[in-house]
Amino acid sequence: LTPMIELSRRQDGSNDTTAFAHDVAEGLSQRQKTLPSRYFYDGAGSKLFQQIMTLPEYYLTRCEQEVLQENKEAMVRQFSQGGLFHLIDLGAGDAFKTKILLSELSEQQSAFDYVPVDISGDAMQELSESLQKELPQVKVEAVVGEYFQALKWLQENKAERKVVLFLGSNIGNFETAESIGFLRSIRSYLQPGDQLLMGVDLRKNPDVILKAYDDAAGVTAAFNLNLLHRINRELDADFDVNQFCHHAIYNPLEGVMRSFLVSKSEQEVHIRKAGLTVHFDAWEALQTENSYKYNIPQIDELGKECGFEIETVFYDSQKRFADVLFKV
Ligand code: AVI
């Protein structure tokens, strides 16, 4: 059996209920209510996200797939320059896109092992099994945990060469200060010769961006609203989910897509496991997600602030998305 390291308490990938209750209570007690987007990804939320990735409006996944497909040879050559390495995939999920690189790595007979990291234990189990069938020659050591827990893994294996993958524009869901903190901590566990391949959604026509987060079929709305269903399920709450709607706006000055849940009426919600009663005014907005879009000079600056230097920028044919290879 493929080894799995379990860093989260629960197998189903959901976070510890106490931490969830704490974060929900904190977010909903603020004057401008918020909920952290990392709680989108319970079982139902992860399935909805998989659906989002196939939507015609959600260009990000297809664009990144094209970037990887068209540049896999060059990427793998650049990864393999320094010999034996660990390929660490932060937020691997079903690793649909990483498999493009894994096949190419096998093809070029690179000396590496694969360390997918994800908060979903189910996803890591399925990925380990699917890789055993599809690419049995690849050595896999899946890690179940949040990003910061994965950093511990990096620390323990500090001396060995590493290539870190942070794909899918996941960096976009961090605030700028968080991005800096996160990239700096990754950097602190890396050595000269190590690399980071990071997926970034680029600034573009605001209409294109907006549609990606407000699709015609309403899958993104369901994904956003699932957060309330999850609070009902896990924290014994009584959100009337029909009394909320999804609303998304793009601010082209800041380059940020913001998503909200808006209360359609004045209402009270009881969240028993958080010991909280929350009042919503009619049309009060609760912010659930930020998705930052960047241009390359901003990414260059972000990298430099965190001790990384751009080695190569790989684009899709429409320059909607980039995978940026950094070196330490
Ligand atoms: C996971 N993350 C990069 C997605 C994004 O595009 O910000 C999550 C998402 N939210 C709505 N649609 C997709």
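Quick check for you: which residues of the stretch 162-183 have the amide N under 18 Å from the point 7 Å beyond the Cα of Leu253 toward its beta carbon?
Under cut-off, by backbone N: 176.
Aspartates and glutamates within cross-link reach of Lys264: Cα-Cα under 15 Å, excluding same-chain residues under 8 positions apart?
Partners found: Asp240, Asp281, Glu284.
Rank Asn232, Asn242, Asn295 by mean-square fluctuation in a GNM of the chain with C-alpha springs under 10 angstrom and give only the top-ranked residue.
The residue that fluctuates most here is Asn242.
How far, in nm, would the chain grow between Asp113 and Ile310 when pulled straight, counting 0.36 nm per residue and subtracting the alpha carbon separation?
Contour length minus the Cα-Cα distance gives 68.5 nm.
Given labels modelled 7 Å from the Cα in the Cβ direction, how far is it in nm from Gln125 to Ala25?
3.1
Return, for the Cα atoms of the stretch 26-178, the radius of gyration and Dmax in Å, separated by a comma.
Gyration radius and largest Cα-Cα distance of the stretch 26-178: 16.6, 56 Å.
Could you tell me how far the Cα centroid of the stretch 121-200 sits from the Cα centroid of the stretch 72-89, in Å?
14
State, to one decimal in nm, how far the label point of Ala74 lies from the label point of Gln132, with both points 7 Å from Cα in the Cβ direction.
Between Ala74 and Gln132, the simple spin-label model gives 3.7 nm.
Sum -39500 (n - 2.57) across every DSSP H segment of at least 4 residues in the chain, then divide by the residue count to get the 222 nm mean residue ellipticity, nearest 500. Numbers along the way, then the final one.
Working: 10 runs with 125 residues, N = 328.
Here the helix-only value at 222 nm equals -12000 deg cm²/dmol.
If each Cα of the stretch 20-94 is one equal point scatterer, what is log10 of I(q)/I(0) from the Debye formula at q = 0.18, 0.24, 0.25 Å⁻¹?
-0.93, -1.13, -1.16
Please determine, in degrees from 0 to 90 and to the nearest 10, the orientation of helix 59-80 with respect to the longest principal axis defined by the Cα atoms of the chain, where the helix direction is its Cα long axis.
30
May I have the extent of the alpha carbons of the stretch 270-328 along their three principal axes, as whole Å values ordered from largest to smallest?
Largest to smallest, the principal-axis extents are 51, 28, 17 Å.
Would you compute the Debye intensity of the stretch 97-222 from its alpha-carbon atoms alone, equal scatterers and no solvent, and pass along log10 I(q)/I(0) at q = 0.13, 0.22, 0.23 Å⁻¹ to two decimals?
Relative scattering, expressed as log10 I(q)/I(0), comes to -0.69, -1.40, -1.44.
With the contact rule set at Cα under 8 Å and sequence spacing of 6 or more, what percent relative contact order holds for the stretch 97-171?
Working: 53 pairs, mean separation 23.6, N = 75.
Reported relative contact order: 31 percent.
Could you identify which residue out of Glu126, Glu156, Glu104 has the top mean-square fluctuation in a GNM of the chain using Cα springs shorter than 10 Å?
In this elastic network of the chain, the residue with the biggest mean-square fluctuation among Glu126, Glu156, Glu104 is Glu156.
Assuming R0 = 35 Å, can you tell me the calculated FRET efficiency for the pair His270 and Ile180, based on Cβ-Cβ distance, to the nearest 0.05?
It comes to 0.40.
Cα axis of helix 43-52 to longest principal axis of the chain: angle in degrees, 0 to 90, nearest 10?
70
Among all lysine pairs in the stretch 1-157 that are eight or more places apart or on different chains, how many have alpha carbons less than 16 angstrom apart?
Counting lysine pairs in the stretch 1-157 gives 4.
In whole angstrom, and with the biggest value first, how far do the Cα coordinates of the chain range along each principal axis?
Largest to smallest, the principal-axis extents are 61, 44, 34 Å.
For the chain, take the longest principal axis of its alpha carbons; what is the angle in degrees between that and the long axis of helix 219-235, to the nearest 10 within 0 to 90?
Around 70 degrees separate the two axes.
Could you give the nm distance between label points at Ser106 and Asp207, where each point is 7 Å from its Cα heading toward the beta carbon?
Going by the 7 Å Cα→Cβ label model, 4.4 nm.
Computed from the coordinates by the stated procedures, all read-outs in this text should not be read as laboratory data. As the structure is a prediction and not an experimental result, all values here were calculated from the model. All Cβ positions, glycine included, derive from the backbone under ideal geometry; neighbour counts span all protein chains shown.
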